[in-house]
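Written below as structure tokens is the structure these notes are about.
The values are calculated or read from the model by the stated rules, or taken from the named source; none is laboratory data. These numbers were taken from a predicted model, which means no experiment stands behind them. As a convention, Cβ positions derive from the backbone with ideal geometry for all residues, glycine included, and neighbour counts pool all protein chains shown. Just the protein is used for accessible areas: all its heavy atoms, side chains included, with ligands, DNA and RNA removed. Shrake-Rupley method; radii C 1.70, N 1.55, O 1.52, S 1.80 Å.
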Amino acid sequence: DLKKEPSWFKYFLDGSRYTYKVDDMSFGNNVYPIIAGQIGISCCKRKDKKIMKEFFDRKIVISLPTSAVDADFKAERDIERLRLLEKLNKSEKLKQKNLQLNDVLLYNLDTDDKYENKGIAKIQDYMIECEKKAVIELVKSKKVKENAYLLKDGSLEYKVTNNKDMNL
């Protein structure tokens, strides 16, 4: 009888993101949006017919054009991006609001897409990577396994990424 059989679906994962255009910045004759993002990744588990929280993780990020850092190569951009993150987190405005940024994301200017959409897309990609890392941690900790499956809300279609970054 299937009703007496315990469900194999034990974990449920979902990510959410909200984005806000908070300001503009200009370089030369161009104006670029500054997009702030709030990301939440949550997982709950089923145990003895009860649903309870497994974890909740919140991130606050900001998305800027690549022009915001003065670097030509990816490695240099990453260093400058981290310096900018540190500087922003030391600012009085963020301290007064009791906010801490988790990351500074840089959107490329090399396509004809609307700049605001590029900034939002970077935040969306960041959320998806956070979801992937959460799944990996659930598997590594042997919580997701045979007879303890995970359901993930959202699209099953991801763009191809470098698996070396995922620590598989």
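Between Glu92, Glu137, Glu80, the GNM of the chain built on Cα springs shorter than 10 angstrom shows Glu92 fluctuating the most.
Could you name the lysines whose alpha carbon sits less than 24 Å from that of Lys87, not counting residues in the same chain fewer than 8 places away? List returned: Lys21, Lys59, Lys74, Lys95, Lys97, Lys118, Lys122.
Counted over all Cα-Cα pairs of the chain, pairs farther apart than 24 Å make up 46 percent. Mean projected area of the convex hull spanned by the Cα atoms of the range 78-149, taken over all viewing directions: 7.8 nm². The separation of the range 26-80 from the range 113-133, counted between C-alpha centres, amounts to 7 Å. Around the Cα centre of the range 1-89, unit charges on the Cβ atoms of Lys, Arg, Asp and Glu (plus for the first two, minus for the last two) sum to a dipole of about 840 debye. Computed over protein heavy atoms with a 1.4 angstrom probe, the accessible surface ordering of Leu151, Leu13, largest first, is Leu151, Leu13. Relative to the longest principal axis of the Cα atoms of the chain, helix 115-140 runs at roughly 30 degrees.
Bridging of Lys132 to aspartates and glutamates at a Cα separation below 20 Å is possible for Asp14, Glu54, Asp57, Asp103, Glu146, Asp153, Glu157, Asp165, once same-chain residues fewer than 8 apart are set aside.
Between the Cα long axis of helix 74-89 and the first principal axis of the chain there is an angle of about 90°, rounded to the nearest 10. Structural descriptor for the chain: relative contact order 28 percent, calculated from alpha carbon pairs under 8 angstrom and at least 6 residues apart. In the context of the full protein assembly, Asp153 retains an accessible surface of approximately 90 Å², using a probe radius of 1.4 Å and ignoring ligands and nucleic acids.
Residue separation of Ser91 and Asp78 scaled by 0.36 nm, minus their Cα-Cα distance, works out to 2.7 nm of gained length.
Counting only DSSP beta bridges whose two residues both lie in the chain, roughly 75 percent are antiparallel. D by Stokes-Einstein for the range 1-63, Kirkwood Rh over Cα pairs, 4 °C, 1.567 mPa s: 86 µm²/s.
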